[in-house]
Amino acid sequence: MARLEVGILGAVRRGLMPRSAPRRRVSKNEARAPGLLRLARNDGGAAIEFALVAPIFLLMLLGILVYGLYFGLSHSIEQLAAQAARVSVAGLDDTERESLAEDYLADNARYYPLVEADRLSISAAPAAGEPDVFVVTLNYNLTGSVLDLFPAFLPNPEIAASAAIQRGGY
């Protein structure tokens, strides 16, 4: 047997009367001083925390990105110097070795995505006091590059890498 609902509750459940919005419970403190509790609410607290933390977080993220690019570029320059030194061993005299190192850089620098060949300068010569050791030194100038936009993050505006290789007589 169905239960018969009477009164206001029954009329609301049957759809004869509209439902009213639920009433918010009022605490004793709010009943005493309703204006003061508005100051204690946390509406917008997350937005303020985000406004304080986001710039620091984004600055750290930018620093990580710039350092990553710098270290990637530095590694590429070191690899180019090492390969140019290995190639230069095939030369018969110092001028031919220097020419081989320069030709290697001109041909292969484009295969390194972070390296712009026009920013590279090479120095290839025998080591001072050691005629059997040939040294290839590369300098890469960051002035005017993308990384130069963030000088506060860069340890040095120029990347230098050297590679030495011995000619015979191991």
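Just a few scattered comments:
- Checking ALA152, ALA160 one by one, the residue that is open to solvent by 80 Å² or more (accessible area, probe 1.4 Å) and either of a type outside the set (A, V, I, L, M) or outside any loop (DSSP other than H, G, I, E, B) (or both) is ALA152 and no other.
- Just one of the listed residues (VAL87, VAL136) is surrounded by 14 or more Cβ atoms within 10 Å (Cβ to Cβ) and not in a strand (DSSP E or B), namely VAL87.
- Verdict on GLU96 being more than 19 Å from the chain's Cα centre (by Cα), farther than 16 Å from ALA161 by Cα, at pLDDT below 90 and open to solvent by 50 Å² or more (accessible area, probe 1.4 Å): no
- Residues of region 100-124 that turn out to be surrounded by fewer than 14 Cβ atoms within 10 Å (Cβ to Cβ) and within 23 Å of ARG167 (Cβ to Cβ), as a count: 4
- Given (1) among the small types (Gly, Ala, Ser); (2) closer than 30 Å to VAL136 by Cα; (3) within 19 Å of the chain's Cα centre (by Cα), number of the condition GLY63 does not satisfy: (2)
- Flag if GLU78 is charged (D, E, K, R) and at pLDDT 95 or above: yes
The values are calculated or read from the model by the stated rules, or taken from the named source; none is laboratory data. Computed from a predicted structure; not experimentally measured. Backbone-built Cβ (ideal geometry, glycine too); neighbour counts: all protein chains shown. Side chains are part of the model used for accessible areas, which takes the heavy atoms of the whole protein and leaves out ligands, DNA and RNA. Shrake-Rupley method; radii C 1.70, N 1.55, O 1.52, S 1.80 Å.
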